[in-house]
Each structure stands twice: as C-alpha cells, then as structure tokens.
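Notes follow once the structure below has been shown.
Computed from the coordinates by the stated procedures, all read-outs in this text should not be read as laboratory data. Keep in mind that what you see is a predicted model, and the values were worked out from it rather than measured. Glycine also receives a Cβ, built like all others from the backbone with ideal geometry; neighbour counts cover every protein chain displayed.
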Amino acid sequence: MAQAPVRVLIVGASVAGLALARALRLAGLRPTVVEKLPPSVVAGAGIFLPGNAIRALRELGLDGPLRPLGAVIRHQRFLDSAGRQLCAVDLDQLWDGVGECRALPRADLHRVLLTGAGGEVRHDTEVCDLEVGDETTKVAFGDGSYAEYDLVVGADGRRSTVRQLAGLGGAAHPVGQIVYRSVVSGGPEITEWTGLLGQRAGIVVMPMGYGRLYCYADEALPAGSAPPADPLVRLRDLFGEYGHPVPAVLEAVEKVQVAVTDEVELSAWSRGNVVLVGDAAHATAPTLSQGAAMALEDALVLAEMVRTRSSIAEALAGYESRRRPRTQWVLDRTRDRDHTRDVSPALRDPLLRSRGSTIFQEHYRLLIDPV
Ligand SMILES: Cc1cc2nc3c(=O)[nH]c(=O)nc-3n(C[C@H](O)[C@H](O)[C@H](O)COP(=O)(O)OP(=O)(O)OC[C@H]3O[C@@H](n4cnc5c(N)ncnc54)[C@H](O)[C@@H]3O)c2cc1C
C-alpha cells in the first residue's frame with residue numbers, strides 16, 4: 001500500500017487476531033492487539049487441525065514451534081454406533097503436499113500464536129463502542145479511554161461486538177447442536193481419529209500425545225435448546241451404549257465442557273475501515289474442523305491485501321472477494337454433513353460403507369488448493 005495504515009487495532013487475541021498480528025508484523029506494521037479476557041484464562045479442550053491449517057501456520061513461520069506439540073493424525077475411521085467400521089479416510093493422501101493433520105491442546109496452539117504475534121497483547125481490555133468515520137474509526141474501551149485507528153479488525157469471535165457495533169450483523173444463529181468436549185488422561189489406547197456415528201448424535205476420539213485423548217461429541221436438538229445441567233451425565237446417557245472404544249473413554253472422562261454451536265453468515269464483512277476476520281465473519285458448526293484453518297487463512301490474505309493494495313478500501317474488498325468462496329464452501333459442506341444426522345442409520349450406513357471415503361474427502365476438495 002502506498003501509504004500503509006499506521007494505526008491498526010485488532011480486537012480479540014485468539015486464533016484469528018494473533019495470526020493476523022503476526023502476518024501484519026511480517027508485513028512491517030505494528031498493530032495494537034486488545035483482548036477482553038485476562039491472561040490467566042487458558043483455553044481448554046483440544047483442537048483438530050486439518051492440513052490446510054498447518055499450511056497456513058507454515059506460511060506464518062509457526063510450523064516449527066508447533067511440530068513437537070500434540071499428535072499427527074494419519075487416518076479418520078468412521079464407525080457405526082456399535083463400533084463397526086463404515087469407512088476410513090487416509091489423511092496423508094488427502095492432504096498430500098499441503099500439511100499433516102494434527103490434534104493438540106488448544107492452550108498449546110494459543111501459546112504458539114501468542115509468542116508468534118511478536119508484540120504486546122493488551123489483556124483485560126474490551127472494545128465497547130465504535131464511531132466509524134470516513135478515514136478513521138474512533139474506538140471506546142472498557143476502561144473509559146478512546147483512541148483513533150486507520151484500520152479496525154474485529155477478530156472477536158462468533159458473538160462479535162465489533163460486528164454489531166459496525167452494523168455488519170447481529171447475533172449468531174444457533175444451529176441446533178450441543179457440543180461436549182473433554183481432554184482425557186488414562187483412557188484406552190487410541191492411535192487414530194475415531195468417530196462413531198449414531199442418529200442425531202456422534203462422538204469422536206483422537207490422540208493428542210503423552211497418553212491424552214481429545215473427546216468431542218455432539219447431539220442435534222431443536223435450535224435454541226439449552227445445554228444440559230450436568231453435561232457429564234448427559235454424555236454418558238447419550239453414548240453409554242456405543243461400541244468400543246467409547247465405554248472406556250467415558251469411564252475416563254472427568255470434566256466436560258459444553259457449548260451451543262451457532263453460525264454467522266453476513267452480506268458484507270467490512271464497513272468503512274472496519275473489517276471482520278475468523279468466526280466474527282463466518283462461524284460455522286465445528287463439523288469439518290475448519291474454524292482455525294479459515295481464521296489463519298483470513299489473516300494471511302488480509303495482511304497480503306493490506307501490503308499490496310493501494311488503499312484500505314481496495315484491500316478490504318480484495319480480502320473479502322478472495323476469502324468468500326472458501327468460507328462459503330465450508331459453510332455449505334458443514335450444513336450438508338449436518339443434515340445427514342437426520343437420515344436413519346439403516347439408510348446412511350450402507351451408503352457410507354460403499355462411498356463414505358469419497359464423500360468425506362470431497363468435503364475438503366476446494367481447500368486443498370492454495371489460499
Ligand atoms: C465446540 C467447538 C469445537 C471446535 N473444534 C474445532 C476444531 O477441532 N478445529 C478447528 O479448526 N476449529 C474448531 N472450532 C472452531 C474454532 O474454535 C474457531 O473457528 C476459532 O476459535 C475461531 O477463532 P477466532 O479467533 O475467530 O475467534 P475466537 O476463538 O472466538 O476468539 C475471539 C476472541 O475475541 C475476544 N473478544 C470478544 N469480544 C471482545 C471485545 N469486545 N473486546 C476485546 N476482545 C474481545 C474473546 O475473548 C476471544 O479471545 C470449534 C468450535 C467449537 C465451538
């Protein structure tokens with residue numbers, strides 16, 4: 001950009017915000033990053049990163065610090081609820097030349113991104129108001145202070161305040177899915193991503209290294225349903241009758257995090273010099289495990305646009321038009337896959353036995369291509 005934006009504010013220090021901070025720093029800018037939570041809040045549970053997330057981390061120069069963390073996942077095995085194999089996906093083959101797939105504690109990914117951001121993150125700092133102007137945006141913080149910026153980036157997640165304040169969209173829409181997550185130590189030995197599919201419910205277990213397992217389960221319920229009062233009891237009720245290895249995993253589960261999933265679909269991602277990245281712009285249910293990958297790719301593309309386009313307006317337009325086809329693909333495929341929850345296993349399972357591997361690989365086809 002002829003005149004690079006000097007004052008850049010990134011709101012949110014999670015995957016999208018920290019990755020963008022690094023990408024902009026590599027492009028020679030010095031963004032300010034604010035995060036409403038204190039530094040003592042550590043992300044729980046695990047995360048599964050498919051090959052395109054690892055490619056984006058490599059492009060950010062962060063694959064080195066990531067390599068010793070978690071476990072490389074080479075296969076996905078899809079089983080019926082009794083534990084009989086329906087199909088398998090060879091992930092090394094699917095993501096050949098892109099990146100290996102990895103499962104790791106979320107806190108480890110966060111640490112890598114936080115170190116990589118290469119500058120101070122102002123924790124305990126919440127954005128409360130925006131005045132979007134023609135050239136600059138005035139931002140009000142929770143401590144009563146104000147500052148003006150040439151570019152404001154909402155990396156503040158699916159319930160984004162920036163999205164609301166900039167008039168880009170309202171609340172996220174619940175998709176009718178409740179998700180249970182747990183990190184398990186001392187469970188059975190599991191070496192691959194193993195998913196057991198029931199009707200309107202499923203459970204996935206994968207290794208995260210050092211004997212830890214990441215357990216992820218979901219159930220489809222009418223949109224707006226409240227999470228259960230005791231998620232551990234509900235998890236055991238839902239999956240207690242499932243086949244191997246689920247009973248041994250449930251036996252080892254001690255703590256469960258529960259979340260209601262929702263999605264964000266917007267007609268525009270920017271207004272004036274305010275733009276959204278990551279879940280704030282395009283959250284989906286986590287079915288394809290593409291949330292982090294999309295956030296990381298957003299960061300790379302937005303930084304490239306800021307570096308190469310002649311104005312903020314051109315950079316933001318270029319960013320959105322390059323990113324939309326991929327995020328729309330993820331949203332559409334996620335909805336496709338989630339709709340199959342309503343199909344009875346009697347109809348679904350024969351199809352998955354004969355064509356499951358092809359169907360599941362097809363969901364990632366567009367994402368194999370470079371960003
Ligand atoms: C149950 C579940 C399981 C998932 N599993 C996977 C998976 O296995 N693989 C995968 O790739 N993705 C997964 N995802 C998706 C993934 O977690 C998200 O896509 C990813 O975290 C998006 O990152 P983000 O930085 O855009 O938003 P977030 O991670 O939501 O971060 C937003 C940040 O902004 C901060 N913030 C919010 N408001 C303000 C404010 N006003 N001022 C300052 N700071 C603010 C928040 O505190 C937070 O730190 C899952 C999601 C869910 C719900």
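Placing +1 at every Lys and Arg Cβ and -1 at every Asp and Glu Cβ, with all other atoms neutral, what dipole size does region 111-151 have around its Cα centre, in debye to the nearest 20?
Dipole of region 111-151, to the nearest 20 debye: 320 debye.
Mind ranking 213-223, 170-180 by how tightly packed they are, going by the mean number of other C-beta atoms within 10 angstrom, highest first?
On the way: 213-223: 20.6, 170-180: 18.1.
Going by the mean number of other Cβ atoms within 10 Å, highest first, we get 213-223, 170-180.
State, as an integer percentage, the relative contact order of the chain based on alpha-carbon contacts under 8 Å between residues 6 or more apart.
Relative contact order, the chain: 23 percent.
Give me M1, M208 sorted ascending by neighbouring Cβ count inside 10 Å, so fewest comes first. Intermediate results must be reported in sequence, preceding the final value.
Numbers: M1 16, M208 23.
The order, fewest Cβ neighbours first, is M1, M208.
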Response to the item:
Rounded to the nearest 5, the percent of DSSP beta bridges in the chain running antiparallel is 75 percent
Discussion item. Rg and Dmax in Å for the chain, alpha carbons only: what are they?
Written reply: 20.7, 63
Discussion item. Order these by the 10 Å Cβ neighbour count, fewest first: E126, E241, E304.
Written reply: E241, E126, E304
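What is the packing order of peptides 26-35, 4-13, taking the mean over residues of other C-beta atoms within 10 Å and listing the highest first? Let's see the in-between values first.
Details: 26-35: 18.7, 4-13: 21.9.
Ranked from most to least packed, the peptides come out as 4-13, 26-35.
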Worksheet, complete the sentence: Fewest-first ordering of K255, K36 by Cβ atoms within 10 Å yields K255, K36
Worksheet entry | Cα gyration tensor shape for region 270-360, rounded if a/c is under 1.5, else prolate or oblate | prolate
Worksheet entry | Global form of region 175-261, assessed from the alpha-carbon gyration tensor, a/c cut-off 1.5 | prolate
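Nearest 500 deg cm²/dmol is fine: what mean residue ellipticity at 222 nm does the chain get from its DSSP H runs of n ≥ 4 alone, each adding -39,500 (n - 2.57), divided by its residue count? All intermediate terms of the calculation are to be shown ahead of the outcome.
Working: 13 runs with 134 residues, N = 371.
About -10500 deg cm²/dmol.
How would you order 150-163, 92-105 from highest to lowest mean count of nearby Cβ atoms within 10 Å?
150-163, 92-105
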